[in-house]
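The values are calculated or read from the model by the stated rules, or taken from the named source; none is laboratory data. The structure presented is a predicted model; accordingly, all values stated were derived computationally and were not measured. Methodologically, a virtual Cβ is constructed for each residue, glycine included, from the backbone with ideal geometry; neighbour enumeration extends over all protein chains shown.
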Amino acid sequence: MVEKSLPGERIDTYLRGQFPAVSRGAIQRLIEQGCVLVNGKPPKATQSPRASDVVEITWPEARALKAEAEDIPLTILYEDSDLVVLDKPAGLVVHPSAGHEEHTLVNALLHHCKGQLSGIGGVARPGIVHRLDKDTSGCMVVAKNDAAHLGLASQFARREMQKVYLAIVCGELAHDSGDIRAAIARHPGHRKRMSVTEEAGRDARTTFRVRQRLREATFVEVALHTGRTHQIRVHFQHLGHPVFGDEVYGKKQTKRLADLTGFSPARLMLHSWRLSFTHPRKERTIEVEAAIPADMRKAVRALASA
């Protein structure tokens, strides 16, 4: 049931917010196929949600995923019949795509889960509830069934899942802690990039605490309070302190720091360190921690002694 009227929002956008694990395109297809009803009637995608509207969704039977199962080693932090939490290594792409049709996390999960797949969005696949960039390492939770997928996605949407990252950022942060509140939207000139923009952006909040001050760099602990694409990378670029090794948002600063210290990172220095959420069926808190990877520890040592 819709809690309050949203005259400036479309029903497909509203549902995207309710089910962050499902793409907007998939939701639009569900509307076109008559799988979404508002007060018992098929809506238009442009229709605005109104208070007390009852929205019903019928998830279609999942069709097979074309990706092949691959026996790729995974570091499992927690697993049961509903979900698995893993430590994703840097360099591993999450979803198959053009140029990455194989050797992805999905290929590995198809083998590991052995048929226990979530079908949210109409495609039988491991339930990728949230994503990490290729070069970001650390904690990721994956749903094995639709109920777990919806439960976890709902926690993400309500901002109830606690996500803490570690990052090395270029430059010396002025304060030992901070609260970054800056809306994020797609970059107007670069389709694959995001940017801070108050006019068209969605609200985004990131807090941080300095763990260690390095030479011309800072090792920080970062908490995400919203889940925007590239949020940490964009927010720290906005502060003038992009993540070390970020070739998209901090290429110039990364080169400067590397030239100054003699240390060049092989990838983005960003790690999903801790994840805490409520188990969607057992209703108990699950807390996991992914050990700081060797390349990040090496970078901290190198910059500390530079």
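Quick rundown of the values:
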quantity	calculated
Close pairs from the stretch 219-247: first at positive phi, partner surrounded by fewer than 22 Cβ atoms within 10 Å (Cβ to Cβ) and basic (Lys, Arg), Cβ under 8 Å, at least 6 apart	His230/Arg193; Gly245/Arg267
Residue within the stretch 148-169 that is farther than 26 Å from Glu287 by Cα, modelled with pLDDT of 85 or more and not in a strand (DSSP E or B) present	no
Residue in the stretch 48-57 that is modelled with pLDDT under 85 and either assigned to a loop (DSSP other than H, G, I, E, B) or over 23 Å from Val106 (Cα atoms) (or both) present	no
Output for the stretch 239-287, where each listed residue is in a strand (DSSP E or B), of a type in the set (A, V, I, L, M, F, W, C) and surrounded by 20 or more Cβ atoms within 10 Å (Cβ to Cβ)	Val243, Leu270, Trp273, Leu275, Phe277
Members of the stretch 9-40 found to be in a loop (DSSP other than H, G, I, E, B) and either within 21 Å of Ala147 (Cα to Cα) or of a type in the set (A, V, I, L, M, F, W, C) (or both), listed by number	Phe19, Pro20, Ala21, Val22, Ser23, Cys35
Failed item, numbered, when Lys192 is tested on (1) surrounded by fewer than 23 Cβ atoms within 10 Å (Cβ to Cβ); (2) in a helix (DSSP H, G or I); (3) charged (D, E, K, R)	(2)
Out of Val169, Val141, sole residue that is assigned by TED's automatic domain parsing to the domain that holds Glu247 and in contact (Cβ under 8 Å) with a residue 24 or more places away in the chain	Val169
Matching residues, the stretch 67-80, being assigned to a loop (DSSP other than H, G, I, E, B) and either more than 23 Å from the chain's Cα centre (by Cα) or surrounded by 15 or more Cβ atoms within 10 Å (Cβ to Cβ) (or both)	Ala67, Glu68, Ala69, Glu70, Asp71, Ile72, Leu74
